[in-house]
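Data first, discussion second: the structure below is written as structure tokens.
Where a number appears in this text, it was derived from the coordinates with a stated rule and is not lab data. Note that this is a predicted model, so its numbers are computed, not measured. Cβ placement follows ideal geometry from the backbone for every residue including glycine, while neighbour counts extend to all protein chains displayed.
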Amino acid sequence: MEYWPKILIGPGGEIMDKEYGFTAKIYDPLLFLALNPIRKAVLKELIDHKESRILDLCCGTGNQLKMLSKNGFKDLHCLDLSEPMLEVARRGDHSIDIHKEDAVRTGFKDSEFDLVILSFALHEKDRETQLEIIRETHRILRNGGQLLVVDFVFDDRTKALGRFGATIIEWMAGGEHYSNFRKYKQSGGLSAIIDEKMFRHVKSLRKAFTVVTISIFDRSETS
Ligand SMILES: C[S@@+](CC[C@H](N)C(=O)[O-])C[C@H]1O[C@@H](n2cnc3c(N)ncnc32)[C@H](O)[C@@H]1O
């Protein structure tokens, strides 16, 4: 509870500290209204992938995979570095395979997955880490597999309310998290990170006052 006053302080308050120690406890209930429609939209996009081997990289509390699990998906794997987040992910009646590892260098074999989810995993990282995570995703996806990214998008279609809401949430996170978010926003977001030689864009849809994109890519066969 000693962190709460820092919400009022903002950048530097680091509500979302590096380990997500405190945040893990409040993440799902605090963000339920914002995230639940996005989780449902992801479920809808993946409904034909029930037989696929799916990895949620930087899965946090595992909230997205728990929704997939309740809807009949069976071969589900998640990975995160934060023990408090994974502690929440382990709760509940599910058979999700959970890994505590660095998304930059996972222990998974080449081409192990049919589909990888990266949900709100990129905007808070520095550029080198973002690129390393994308390269690792490419390595562990099979040829013709798919990448589904959920993250912020800032362009001429982004509504002012969405822009404001995302900025407030990230400002509350503070510190390095907020500074990386600002760089992500200023430097072209997702499109500046995804290498077209590795991933071919298939489709995108907008959620949360158009400030969030759910983007689907095919892993390229050539790289
Ligand atoms: C904003 S949360 C998103 C969680 C979840 N994907 C979601 O959609 O709610 C970012 C997550 O990335 C994790 N993370 C940060 N750096 C990581 C790394 N190098 N390897 C694995 N997980 C990492 C954090 O612990 C945190 O759980």
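Values for this structure:
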item	result
Of all DSSP beta bridges in the chain, antiparallel share, percent nearest 5	45 percent
Residue-wise HN-Hα coupling along the stretch 38-49, computed from phi with Karplus coefficients 6.51, -1.76, 1.60 (Hz; x: Gly, Pro)	6, 4, 5, 5, 5, 4, 4, 5, 9, 4, 8, 10
Residue among Ser119, Ser191, Ser82 with the largest mean-square fluctuation in a Gaussian network model of the chain, springs linking Cα atoms under 10 Å	Ser191
Size of charge dipole - the stretch 4-219 - debye, nearest 20, with Cβ of Lys, Arg +1 and Asp, Glu -1, no other charges	660 debye
Förster radius 35 Å - calculated FRET efficiency between Lys100 and Glu45 (Cβ-Cβ, nearest 0.05)	0.80
Relative contact order (%) - criterion: Cα under 8 Å, at least six apart; region: the stretch 136-223	47 percent
Debye-sum result for the chain in log10 I(q)/I(0), which assumes one identical scatterer on each alpha carbon, at q = 0.10, 0.13 Å⁻¹	-0.42, -0.73
Most mobile listed residue (Glu176, Glu196, Glu124) in the chain, GNM with C-alpha springs under 10 Å	Glu196
Candidates Leu33, Leu131, Leu190, ranked by Gaussian network fluctuation over the chain, Cα under 10 Å, top entry	Leu33
Too-long pairs where the Cα-Cα distance tops 28 Å, listed order kept, from Lys70/Lys183; Lys50/Lys183; Lys74/Lys125; Lys74/Lys109; Lys50/Lys100	Lys70/Lys183; Lys50/Lys183; Lys74/Lys125
